[in-house]
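The values are calculated or read from the model by the stated rules, or taken from the named source; none is laboratory data. Small disclaimer: the values here were computed from a predicted structure and weren't measured. All Cβ positions, even for glycine, are placed from backbone atoms using ideal geometry, and neighbour counts span all protein chains on display. Just the protein is used for accessible areas: all its heavy atoms, side chains included, with ligands, DNA and RNA removed. Shrake-Rupley method; radii C 1.70, N 1.55, O 1.52, S 1.80 Å.
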Amino acid sequence: MTNASDVTALLSRDGLFRFVGGSALRVFGYEPEAVVGTAMLDYVHPDDRADAARRFARRVADPNAPLEPAVYRLRHAGGAWRHVEAAACNMLDDPDVQGVVINVRDVTDRVEAESRLRASEALYQTLARSAPVGIFQTDARGGITFANPRFAHITGVAADEVQGRGWRDAVHPDDRCRFEAEWTRCTAEGRAMLVNLRFLGPEGTATSVLCQSSPLADADGRFQGFVGTLTDMTEYVRTAEALRMAEARTNAIVDAAADAILTADEEGIVHSFNRAAEEMFGIPAVEIVWGSIDRLLPPADVACHAGYLNRFPVGHTTRVTGQDGPVMAMRGDGSLFPVELAVSCIEVEGRRMFIAVIRDITERVRIERELIGAKEAAEAADRAKSAFLQVMSHELRTPLNAVIGFAQVIEMRLIGATEVDRYTDYAASIRQSGEHLLGIIEDILDITKIESGKLDLLDGPVDVADLVGQGLNLIAIQAGKRGVAVSIELADDLPPVRGDALRLRQVLVNLLSNGVKFSKAGDTVTVGARRGAGGGVEMFVRDVGIGMAADDIPKALVPFNQIDQSMTRGYEGTGLGLPICKRLVEAHGGTLRIDSAPGQGTTVTVHLPAERELSMAEFLNAMGT
């Protein structure tokens, strides 16, 4: 008995030890001899002593009472309390024993394990009751064997109806087939399940949940069921849907915006690029998103752009229209264009994000430039008209003074009645002055008619060579007075043309008159006609006079403008001749070109288009011959 794992002892009727087995030393630390003669109850925990005494007395009083092993706390020799399981047998009437035999087994480890198990179970139950998720366990057929209160709340099933398979009827009808198929598959394969589904509450409200479960197996690996959780995802789903709606609404607004809208981080990486930006820059969003914003900047601005982003404060919004000129951006093809740019900065999770709204102002800049140009042109025209009125005053006063003066001399016969020849000369001067006035008035009426769009051409057959000859005859007297020679250069293959002969002759006479006027005595003015290089007919007047600077040529073609507008200018004229010529030529669908240089003379070329040409048969038919 010394090596036994249990301690066997013999007690007297009054509960004193008469014999103690040798295992007492190994199990409880007591020498058997030291225990003999001591009372059993002295070793029992005070809280267990009354029950032990009662049970011992009953065993002594009734030898036939059923054996009822009991667990008590017994003091170890080292002072600790050990849990023991004790059973007693009344053998007082046995002459060989004459005592109560007790068997004591140390069950401390078992009791403590059971205690820990109960504590663990209590903790599990507490956690399960307070868990924010539903916790469940099923058998192999999918029936609920355990569920916490949260499980019933989430599924909308009454707590007393959760057990078994009834809970699955609460799954939303639209999700039930998918859920059952997934459950069957995971059961058959003995694997974990993860599925989203909805439960339909008694009031018709749907609860979105995430169901997660893991398989349970016995010691032999056989599937026993599932243990899992239900997580209420309703608020998450609502939030996600709200975020998706907000994102979709924002994307719709951004994509519908007429301005380009993009976002970029502090490293200059583009995060979004709306449809208007794609059209403005000619770059698809898939090519620029997660790429560098430097692609949208002129090369000269790339170096300073990073520094600009680093200095930009969070929460600040600015509109950049350009301090020293328009802000320029670069399209995908490398072309630059002016933009109006609004930038704001926000901070997201410690990182700065920039939102840019970009407006292409190419058309606005063009209109502004045109308006400025029109304003400047209007101001120049106004100045030209003012100068013209001053010049016109001089041009009108000079012949009018001659007319009035000579008329008064004739009227008053200041030089005597016999000076008939001199009176005749005065009358000729009056006529010449009147013709000069008439020419000025006709030029003013012509330019007015042209500017108002009321000029009508009387098209007919025109012999170009004859037209040049007529112009030469009309200018011959003026050329002779100034000592300027006039030569003709006519090509042999000149075709006739269709046009207003009177107006074309007016053009040639004006050009010849200018050539003679700006030439000095001994110079030669050349008038001619030839075929154009690209078809059509060209008439030209070339002089070797004072010429014009290149910047002055456009001015000479503006009505009411003269290159020398001073009252002491060396050449008279209203400044309407060249503008009238240009408008008359353009009315014929042609062009007037001036080639000139100071001191090198001037060549004016009139080009009539090919559609103005006539065949000889057409010319003769139009002439009625």
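Suppose each label sits 7 Å from its Cα in the direction of the beta carbon; what would the Arg331-Ala242 distance come out to in nanometres?
It is 4.4 nm.
Determine, from the Cβ-Cβ distance of Ala407 and Leu474 and an R0 of 35 Å, the FRET efficiency 1/(1 + (r/R0)^6), rounded to the nearest 0.05.
0.80
Quick one: length gained pulling Ser487 to Arg110 fully straight, 0.36 nm per residue minus the C-alpha distance?
121.7 nm
Net charge around Ala501, counting only other residues with Cβ within less than 12 Å of its Cβ (Lys, Arg = +1; Asp, Glu = -1)? Before the final figure, lay out the partial values.
Numbers: positive: Arg498, Arg503, Arg505; negative: Asp459, Asp463, Asp466, Asp500.
In short, -1.
Between Ser120 and Asp160, with labels modelled 7 Å along Cα→Cβ, what's the label distance in nm to one decimal, could you check?
3.3
Where the accessible area of region 121-191 is counted over protein heavy atoms with a 1.4 Å probe, how much of it, in %, is carbon and sulfur?
That share works out to 56 percent.
I need the calculated FRET efficiency for the pair Leu457 and Val286, taking r as the beta carbon distance and R₀ as 56 Å, to the nearest 0.05.
Once rounded, the FRET efficiency stands at 0.40.
For the residue pair Arg311 and Phe146, what label-to-label distance in nm results when each label sits 7 Å from Cα along the Cα-to-beta-carbon direction?
With each label point 7 Å from Cα toward Cβ, the separation is 6.8 nm.
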